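Just below is one structure, and these are the notes that go with it.
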Amino acid sequence: MKTTKRKQRLTLLVLRDAQHSVKQIHLSKPLMIAVPAAAILSIAGLIVTLQIQSAHSISELEQQLTLKSLEALKMEVTVTDKDEAIERLNKAILQLSGEAEQTKAQMERVQQLEQELQQFIQKHGSLSGQTSSIPGGAKEHVGGEFIAVHENELLGVAKDAQDDFEEIQQLISRMERHIPRTLDQAQETQEKREGMPSLWPTTSKRLTSNFGYRSDPFTGRSAYHAGIDIAGKTGDPVYAAGAGVVTVAERSGARGLYIVVQHPNGLETWYMHLSKLDVLVGDHVGQGETIGKLGSSGRSTGPHLHFQVVKNNQTIDPMPYLN
Ligand SMILES: [Zn+2]
């Protein structure tokens, strides 16, 4: 190929091979300049476009990188939080476990006390025999610190604590059922014990006449003595032999000034020949409370207390009751 310069035109000769003729292409000069310039411009444009695009991509990549590292940071923070949370949970579980052990030991101690109270009632209360012991005796348990070594043991510890709490729950329900009954029984026992006419009714212990058949002090003939006679000084205090309610406090012929106190189990105590009454009908008296003063009123040869015990309207020997 070869270019020939003319005035305002450029001629392009195209040579192929021997069989073909030479071809001439006439081009104007400005066009010859414009074509390469356009080519250069478009290549330059392409380069600029590529540069802009790559810059954009880089910026995007950078943004993505920043986001990724933020996420990584967040992840790290979250993991740290979780670790802390797990650590706190672990501590809480261990603490709960310790508390469960302690509480259980306390509950078992209370149950033990309740059983002791039951035994006391059974031993000292001649009751209707309705005392019941608590089923499922206390297991051997000791308190103390719980030392967890590995985190994987924690699940076991948590399970143990849960079992402990369930057992405590059962203990509480059992005690809720038993304790009120036991307390009622204890109170009943106490009332019956105090209501038993077992206290010697005077300061003097000198017995001058027994219960049963004797020679009458006035007639010398055989007679039935419904109680015991205790010698003493006029004005000595006379005590209620057991807790109860005063049903009689009056003067009556041979009995003189006398008092009747009603106790549980159909029992009564009678106090005769008093010099003074310190109670009224309807009064509740405690065991050992002073109810009157010793004297010689009624059919009496001298200062003494006639004391008798009546059970279901029958006079009985007071001695087996008195301590
Ligand atoms: Zn008598």
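Rule-based calculations on the coordinates, nothing more; no lab input. All values derive from a computational prediction rather than experimental measurement. Note: ideal-geometry Cβ built from the backbone for every residue, glycine included; neighbour counts use all protein chains shown.
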Problem set entry | Selection status of Thr219, assigned to a loop (DSSP other than H, G, I, E, B), without any contact (Cβ under 8 Å) to a residue 12 or more places away in the chain, within 16 Å of the ligand (Cβ to nearest atom) and at negative phi | yes
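Yes/no per residue for (1) under 18 Å from Ala226 (Cα atoms); (2) free of Cβ contacts under 8 Å to residues at least 40 places away in the same chain:
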residue: Val279; (1), (2): no, yes
residue: Asp283; (1), (2): no, yes
residue: Lys293; (1), (2): no, no
residue: Gly298; (1), (2): yes, no
residue: His306; (1), (2): yes, no
residue: Asn312; (1), (2): yes, no
residue: Pro320; (1), (2): yes, yes
Exercise. Within segment 222-264, how many residues turn out to be outside any strand (DSSP E or B) and touching a strand residue (DSSP E or B) at 6+ places or on another chain (Cβ under 8 Å)?
Worked result: 12
For this session: State whether one or more residues within segment 266-274 are more than 16 Å from the ligand (Cβ to nearest atom), in contact with a helix residue (DSSP H, G or I) (Cβ under 7 Å, 6 or more places away or on another chain), of a type outside the set (Asp, Glu) and part of a loop (DSSP other than H, G, I, E, B).
Result: no
Exercise. Of the residues Gly253, Gly235, Gly242, which is away from the ligand (no atom under 13 Å from the Cβ), of a type outside the set (Ser, Thr, Tyr) and over 59 Å from the mean Cα position of the chain (by Cα)?
Worked result: Gly253
Exercise. Can you pull out the residues in segment 280-323 that are more than 21 Å from Val245 (Cβ to Cβ) and among the charged types (D, E, K, R)?
Worked result: Arg299, Asp317
